[in-house]
1. Any residue that is within 14 Å of the ligand (Cβ to nearest atom), within 27 Å of residue 120 (Cα to Cα) and part of a loop (DSSP other than H, G, I, E, B) - is there at least one of those in the stretch 62-85?
2. Please work out which residue is nearest to residue 85 (Cα to Cα), limiting yourself to the stretch 11-41 and to residues that are assigned to a strand (DSSP E or B) and among the hydroxyl-bearing types (Ser, Thr, Tyr).
3. Pairs please, first residue from the stretch 53-69 and touching a residue at least 12 places away in the same chain (Cβ under 8 Å) and closer than 17 Å to residue 16 by Cα, second anywhere and part of a strand (DSSP E or B) and more than 9 Å from the ligand (Cβ to nearest atom), Cβ atoms under 8 Å, 6+ apart in sequence or on different chains.
4. Here's a check for you: in the stretch 99-131, which residue that is within 13 Å of the chain's Cα centre (by Cα) and more than 14 Å from the ligand (Cβ to nearest atom) is surrounded by the most Cβ atoms within 10 Å (Cβ to Cβ)?
5. Taking the criterion of being touching a strand residue (DSSP E or B) at 6+ places or on another chain (Cβ under 8 Å), of a type outside the set (Lys, Arg), over 22 Å from residue 143 (Cβ atoms) and within 16 Å of the ligand (Cβ to nearest atom), would at least one residue in the stretch 17-32 satisfy it?
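We did not get these values from a lab; they are worked out from the coordinates using the rules stated. Everything quoted here is computed from the prediction, not taken from an experiment. Methodologically, a virtual Cβ is constructed for each residue, glycine included, from the backbone with ideal geometry; neighbour enumeration extends over all protein chains shown.
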Amino acid sequence: MDEDTFRENFSQELKPHKTYLCYEVELQEDDAWIPVDEFKGFLRNQGADTLEPRCHAELCLLELIPSWELDKERHYRVTCFISWSPCPDCASQLAAFLGKNSHLSLRVFASRIYTKFAGYETGLRQLQAAGAQITIMTSEEFEYCWKTFVDHQGTPFLPWDDLDKYSKMLSKDLKGILQQNITLSSKMQTGHLQPLQIDQQKSSKSNELGAGPVAQAVRAPCS
Ligand SMILES: [Zn+2]
């Protein structure tokens with residue numbers, strides 16, 4: 001990936017209408033994770049501004065993984081660094097994929113939270129419930145991606161303005177989204193809430209999370 005593409009797509013203050021996804025695979029050996037470098041790369045969503053049939057980046061990855069022919073008797077970890085977090089449909093399909101492929105674990109590091117489609121919070125919780133780890137990218141991950149996936153010509157990663165501020169804010173947002181699952185399910189077990197009330201709580205909570213000019217700028221939707 002060239003430097004401009006990386007910065008234009010992963011900088012949290014921009015909101016391009018496309019999604020880039022960098023991926024890598026590791027094989028579990030006892031307590032260690034051994035990189036499988038032949039399955040490392042990046043891709044972007046198809047359609048919209050390209051000539052291919054429409055396909056979100058995560059689903060492009062799901063189409064790619066079977067071609068790797070990973071040994072189902074062993075355990076692998078797939079790590080994605082993605083410029084927008086998965087939409088509800090992709091989250092659901094990733095969750096289903098994990099359910100059918102117990103030899104794979106998934107970690108998702110997202111630059112921004114994709115809020116275009118209703119139910120995005122439920123999608124992220126569903127993905128987490130399927131065993132995926134979902135985290136917001138910090139300077140550490142941005143720098144790692146720069147070194148690993150960008151044709152940087154030897155230049156060091158230069159953080160953009162307010163990188164840490166955005167990461168902290170989005171991490172707080174994501175934590176709030178993912179924790180609702182735990183909070184609400186425990187309340188349901190004690191009978192304090194009925195499903196309808198939960199939905200109302202979710203929407204009021206998500207409005208709170210979206211408040212503030214910075215939050216709106218970062219979390220605005222794209223296609
Ligand atoms: Zn999607």
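1. Looking through the stretch 62-85, at least one residue is within 14 Å of the ligand (Cβ to nearest atom), within 27 Å of residue 120 (Cα to Cα) and part of a loop (DSSP other than H, G, I, E, B).
2. 20
3. 57/20; 57/21; 57/43; 57/44; 57/82; 58/21; 58/80; 58/82
4. Looking at the filtered set, the residue picked out is 111.
5. no
This table checks each residue for (1) at positive phi; (2) surrounded by 17 or more Cβ atoms within 10 Å (Cβ to Cβ); (3) touching a Cys at 6+ places or on another chain (Cβ under 8 Å).
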residue	(1), (2), (3)
45	no, yes, yes
61	no, yes, yes
69	yes, no, no
79	no, yes, no
